[in-house]
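Data first, discussion second: the structure below is written as structure tokens.
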Amino acid sequence: MRPDDLEFMVDQPEISADVLLSAMEQAIDPMVVIDEHNNIIFFNPAAEEIWGLPREQVMGQNVNCLVPLPERAKHNGYIDRNRETGIGRIVGTSREVEFQRSTGEYVCGELSISRVQLTGSSKIYYIAVMKDVTEQSRQRRILVLQNDVLQALASDQTVREVGELLCRRADRFVPDGMAALILIDSAHALKVLAAPGMPARFRAGLDSMVLTDAQVEELGSSPATSNAVVWDSYQSVARSLGLVRCCSSPVVSRTGKVMGIFAIYLRGGEKSHEWADRVVAACMPFCALAIEQNETRLHIAQLSNFDRLTGLLNRSSLHNVIERLILRGGNSRFSLFMVDIDRFRDINDALGHVNADLFLIEIGRRIRSQVKDECIVSRSGGDEFIIVIPDCSHEKAEKFAEGLINAIARPLQVGENTLSISCCVGISTFPENGPDSETLLSLADVAAHQAKEDGRGVYRFAGREKNQVAQDRLMLGSALRDSLARGMLNLHYQPQVETMTGGLYGVEALSRWHHPKLGNIYPSRFIAVAEETGQIEAIGRWSLKEACTQMMKWDQDGVHVPTVSVNLSAVHFRNRGLPEYIANLLQYHNLTPDRLTVEITESVMMDSSGDTEEVLHAIRRLDVGLSMDDFGTGYSSLSRLTRLPLSEIKIDRSFINDFEHDTNAQAVTMAVIGIGSRLGLTVVTEGVETVQQHKLLEKLRCDVMQGYLFAKPLPPAALEEWFRAGQERGSFILPGQ
């Protein structure tokens, strides 16, 4: 209604007033008029219905009685200010407001307010028109919630983070509501995963519940019974906290498994719980998605770190655990036991693979029964089991080996066959028998073979004398220092090929050492010595300088290698001068930063010091690449992946072994490629050796491949010949590969 309409009404009151009042009375939208004292002078039937208040109760009352309680104290001030200045937040506009009916039900309305000053009068009236948009508002809120949760799931947020998001939104959607996502684990125990507004006393009560098989089965077949679990059992406690009812639903997977319960507890307010039921129904499928995604993530981690047959750590994870024990420093010591089952091949051939697997599972159980929680047990392949025991003296190692041999020697029933078993055990100790996991495992393996030669059911210690490793380290350390000074180290380069195009992505620089008297020395051996003797930083700086020099030579010879990756040890990243050193090298050799990639290891990921993180970020600010080597083999890689400024991840070669036939390895590799793609990282797969591996990785759309299928690590001249041959073919993948 416009002001000139009112003016027309005043000029001709006999006609217009009656018509106008009748029209307002019968309007389908609620209408309220207040006078100059802010008192209600008109309240039509539609207004009675939306507010749930009879006309006689509000007529003549201050309009505050219609305003939500939190706004009442300030409301008259807003109106008076508008009377004086003509400025207001609502007058002359339309906005969405939420208020509570007298029944306690919350309503959402689209409110429009007009300011009316009668002709020839200073009195100012206000007319409010309300349109009920409760249903539209609720639909919009649910759509926004669904979109936000899908984005959270797509960005790999944890199940707890998604649960917290759902509960916070539900709390806002249902005034006087308190949402909770409750998990049901494999033992049928309840665990409150997310419930931002839940009192601690009530939460503790729910967390202490364990359901029976019958209760879980009933939840799956009759969803309405969920209230019996999360409300009836603790109703007295809930009511003492001001909760009056509960709306809930089981969270069920696509396979019908009951995974949890999503509930909204109501403190009062609405007598009808229809809206709360709708919110529960809208949230429940996303709870299921979040929990299933979390279970998939845990399953992938299980495949990455554990042997699928026995559930024990796999070999790559064992290496990480051993290196972690070594990195503890101080007086860290431990013993490593390698168990080799006698005549396992005969058992496999005679009983078949299925029974042989059952045999290995039982051997794993027997080994676990002999160790304490702090011990590490691994199956590294075939019939080979490895146990690591911290703080293990020589006498304790002997006693443990005897008990282990006796436990395994007990007769074992497999199918209809009773087997007599024996095993041999080889033992190595840290630090006496070696500085790294490879050396310790190698010496334990030699000791196990020695035990097998000496007779069944015996153990042997690694044959080195206590000081032999120290003497070897001293000799190698001296030779390495001399070789560095005389330039006897060199770099070989292994090509990295783009999967989809066959183009050259780059090369990895690998240190090689040939000593005139000691011969070829494996990098795993001399790098460990370099770290212990303090020469590793010098080797790293030499590698960076040599790689940059070689790139400049290749550029001059028309051999364009896009980038070179250089491996650096953890100690380098504690030196704040490293970024400046790299920047100066690139400038001196006239190379752009994208021509260099620095590879970091698991030990760098584990180092949470401020210096290390600052150095990593400083390197990335130079636009130098930063690659995570051996991704997926360590415990902290996934948890810290998003916190480090990486540009590339490299899938460890252990995932590619038997890749063609191992569906689990394919699943893990696909997951890692997906993670890298989602985070915008280049994914490089190492250890590619067969055409079938290449085809599978191409199908999975892995970015880059590296391995013997394309080339072994090559000296610079050989790499140049390989490059020119690929350039002539137009691809660095040979026909048929």
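Once the other residues with Cβ under 11 Å from the Cβ of ILE527 are scored (Lys, Arg +1; Asp, Glu -1), what is the net sum?
Numbers: positive: ARG525; negative: ASP436, GLU438, GLU531, GLU532.
Cβ neighbours under 11 Å give a net charge of -3.
Assuming a ≥ b ≥ c are the square roots of the Cα gyration tensor eigenvalues, decide whether region 156-314 counts as rounded (a/c under 1.5), prolate (otherwise, with a/b larger than b/c) or oblate.
Note, shape of region 156-314 comes out prolate.
With the cut-off at 1.5 for a/c, could you classify region 15-164 from its C-alpha gyration tensor as rounded, prolate or oblate?
Verdict is prolate for region 15-164.
May I ask for the distance between the Cα centers of region 683-737 and region 157-200, given as a whole number of Å?
50
Tell me, what does the Kirkwood hydrodynamic radius of region 304-385 come to in angstroms if you use every pair of distinct C-alpha atoms?
13.9
Around ASP557, what is the net charge, scoring Lys/Arg as +1 and Asp/Glu as -1 over all other residues with Cβ under 14 Å from its Cβ?
Taking every other residue near ASP557 into account, the sum is -1.
Please list 567-580, 61-74 highest first by mean number of surrounding beta-carbon atoms within 10 Å per residue.
So the order, starting with the most tightly packed, is 567-580, 61-74.
Pull up all non-local amide H partners of CYS392: gap of 5 or more, or a different chain, and H-to-H distance under 5 Å with H placed in the peptide plane.
Excluding prolines and chain starts, which carry no amide H, the hits are PHE334, SER335.
With the cut-off at 1.5 for a/c, could you classify region 341-458 from its C-alpha gyration tensor as rounded, prolate or oblate?
Prolate, since a/c reaches 1.5 and a/b exceeds b/c.
Over the chain, what portion of Cα pair distances is larger than 34 Å, expressed as a whole percent?
Numbers: 177402 of 271216 pairs.
Of all Cα-Cα pairs in the chain, 65 percent lie more than 34 Å apart.
By how many degrees, between 0 and 90 and to the nearest 10, does the Cα long axis of helix 578-588 differ from the longest principal axis of the chain?
Helix 578-588 sits at roughly 80 degrees to that axis.
Over region 367-428, calculate the relative contact order: mean separation of alpha carbon pairs under 8 Å at least 6 apart, over the residue count, as a percent.
Details: 50 pairs, mean separation 14.5, N = 62.
Once normalised by length, the contact order is 23 percent.
Rounded to the nearest 500, what is the chain's calculated 222 nm mean residue ellipticity when only DSSP H runs of at least 4 contribute -39500 (n - 2.57) each, over all residues? Present the calculation step by step, with values, prior to reporting the outcome.
Values: 26 runs with 337 residues, N = 737.
Value at 222 nm, helices only, nearest 500: -14500 deg cm²/dmol.
Between helix 315-327 and the chain, what is the angle of the helix's C-alpha long axis to the longest principal axis, kept within 0 to 90° and rounded to the nearest 10?
Between helix and principal axis, roughly 90 degrees.
Rolling a 1.4 angstrom probe over the protein heavy atoms, how many square angstrom per residue are accessible across region 482-616?
Details: 5770 Å² over 135 residues.
It amounts to 43 Å² per residue over region 482-616.
Probe radius 1.4 Å, ligands and nucleic acids ignored: give me the carbon and sulfur share of the accessible area of the chain as a rounded percent.
On the chain, the fraction of accessible area on carbon and sulfur atoms equals 51 percent.
The values are calculated or read from the model by the stated rules, or taken from the named source; none is laboratory data. Note that the structure is a prediction, hence the values are computed from the model and not measured. Because the Cβ atoms are built from the backbone with ideal geometry, glycine has one as well, and the counts that use them run over all protein chains shown. Heavy atoms of the whole protein, side chains included, go into the accessibility calculation; ligands, DNA and RNA do not. Shrake-Rupley method; radii C 1.70, N 1.55, O 1.52, S 1.80 Å.
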